[in-house]
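Asks: Would you mind keeping the following structure in view while I ask a few things?
Nothing in this text is a laboratory measurement; each read-out follows from the coordinates by a stated rule. The model shown is predicted, which means the values in this text are computed figures rather than measured ones. Note that we place each Cβ from the backbone using ideal geometry, even for glycine, and neighbour counts take in every protein chain shown.
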Amino acid sequence: MTIATKPISVTEYELGKLAERFESRGIEELLEWAVDRFAPRLVMTSNFGAEGVVLIDHLARVAPQTPIVYLSTGFQFAETDELKERLQARYNLNIIQAEAELTVEEQNRIHGERLYQTNSDLCCQMRKVEPLQQALSGYGAWIAALRRDQSPTRANIKTIEWNARNNLVKIHPLAAWTRATVWNYILKHNLPYNRLYNEGYSSIGCQPCTRRVSAGAHERSGRWDGSRKMECGIHL
């Protein structure tokens with residue numbers, strides 16, 4: 001499908017008023033607005049974490065063929081790809097797999113092995129940020145399953161806001177949800193989820209940079225363990 005590239009006509013003021021309007025509205029009401037306003041230039045991204053599964057379940061009832069960009073970094077857990085296949089079969093998802101320009105082997109040859117340890121920012125830039133920017137090109141709005149309580153870096157996200165890096169509107173239907181709310185929904189509706197959550201993981205990214213978390217630790221403390229890094233760069 002060819003995506004139109006006409007710029008989105010929206011002001012910061014309008015986005016602010018819309019964010020206020022949808023702060024207390026239901027997820028599907030926000031998604032219905034997004035579909036009406038932006039489709040077919042509407043896209044979701046997901047690595048199929050718990051929040052993404054919840055959002056996919058809602059989106060499937062509103063606009064099931066909305067494209068979902070999945071960043072296949074070459075370092076993802078096998079369990080993540082396994083869940084992707086289960087979700088695709090269950091919801092008949094329209095998944096777009098985005099990959100880095102370099103294979104892992106080419107990256108190792110050029111930049112050395114374990115770049116994720118020696119320069120994690122560069123690794124994320126090449127394997128996540130750049131592929132995502134290319135995948136989002138031409139879209140007018142981007143749906144992401146971020147929550148404010150996931151980390152201090154996400155504490156101020158709005159339900160609807162402008163994303164300058166990718167020049168589009170970004171929509172966070174789960175902004176006000178909590179981790180408990182997410183898991184209550186998953187269990188209540190018997191949704192599939194990454195089985196690594198049952199093994200002590202609370203936030204799942206690339207295998208070399210993701211660790212189990214200790215009891216009482218922040219849910220994203222297992223990402224880039226041993227560093228102060230909290231984001232890969234695709235969101236903030």
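Asks: Using each residue's phi in region 40-45, evaluate 6.51 cos²θ - 1.76 cosθ + 1.60 at θ = phi - 60° and report the 3J(HN,Hα) Karplus result to the nearest Hz, with x for Gly and Pro.
Replies: Taking θ as phi minus 60°, the curve returns x, 9, 10, 9, 10, 10 Hz for region 40-45.
Asks: So for region 12-194, what are the equivalent ellipsoid semi-axes in whole Å, largest first, each being the square root of 5 times an eigenvalue of the Cα gyration tensor?
Replies: Taking √(5λ) for each Cα gyration eigenvalue gives 28, 20, 16 Å.
Asks: While we're looking at this one, here's another question. Local charge sum around E101 (other residues, Cβ-Cβ under 11 Å, Lys/Arg +1, Asp/Glu -1)?
Replies: -2
Asks: List every residue whose amide H lies under 5 Å from the amide H of R223, counting only residues 5 or more places away in sequence or on a different chain, with H placed 1.01 Å from N in the peptide plane.
Replies: R211
Asks: Just want the ordering: H189, H172, H235, from fewest to most Cβ atoms lying within 10 Å of their own Cβ.
Replies: H189, H235, H172
Asks: Can you give me the Rg/Rh ratio for region 106-236, using Cα atoms for both radii and the Kirkwood formula for Rh?
Replies: When Rh is taken as the Kirkwood radius, the ratio is 0.98.
Asks: Quick check: the distance between the Cα centres of region 128-167 and region 48-75, to the nearest angstrom?
Replies: Region 128-167 and region 48-75 have Cα centres spaced 14 Å from each other.
Asks: Let me ask something additional. Which far-off residues, 5 or more places away or on another chain, put their amide H under 5 Å from the one on Q76, with H placed in the peptide plane?
Replies: Q207
Asks: When the dipole is taken about the Cα centre of region 1-112, and only Lys, Arg (+1) and Asp, Glu (-1) are charged at their Cβ, what size is it in debye, to the nearest 20?
Replies: For region 1-112, the charge dipole is close to 340 debye.
Asks: Still on this structure, I have one more. Return the distance in nm (one decimal) between the two label points of a simple spin-label model at D81 and E23, each offset 7 Å from Cα along Cα→Cβ.
Replies: Once both label points are built, they end up 4.3 nm from each other.
Asks: Once every DSSP H run of n ≥ 4 in the chain is given -39500 (n - 2.57) and the sum is divided by its residues, what mean residue ellipticity at 222 nm do you get, rounded to the nearest 500 deg cm²/dmol?
Replies: Calculated from helices alone, the mean residue ellipticity at 222 nm is -10000 deg cm²/dmol.
Asks: Check L71: other-chain or 5+ apart residues with amide H under 5 Å from its amide H, H built from backbone geometry?
Replies: Correct list: S46, A98.
Asks: Here's something else I'd like to know. Sort R147, R165 by Cβ crowding within 10 Å, fewest neighbours at the top.
Replies: Listing R147, R165 from fewest to most nearby Cβ atoms yields R165, R147.
Asks: Just to verify a number: FRET efficiency for N166 and T11, C-beta to C-beta distance, R0 = 25 Å, to 0.05?
Replies: After rounding to 0.05, the efficiency reads 0.90.
Asks: Please report the relative contact order for region 12-194, taking Cα pairs under 8 Å with a sequence separation of at least 6, and give it as a percent rounded to a whole number.
Replies: 29 percent
Asks: Once you charge only the Cβ atoms, +1 for Lys and Arg and -1 for Asp and Glu, what is the size of the charge dipole of region 12-194 about its Cα centre, to the nearest 20 debye?
Replies: 380 debye
Asks: Could you give the size of the charge dipole of region 144-202 about its Cα centre, using +1 on the Cβ of each K and R and -1 on the Cβ of each D and E, expressed in debye and rounded to the nearest 20?
Replies: In debye, rounded to 20, region 144-202 gives about 80.
Asks: Turning to a different aspect of this structure: Figure the gain on full extension for R90 and Q125 (residue separation times 0.36 nm, minus the Cα-Cα span) and round it to one decimal in nm.
Replies: 9.4 nm
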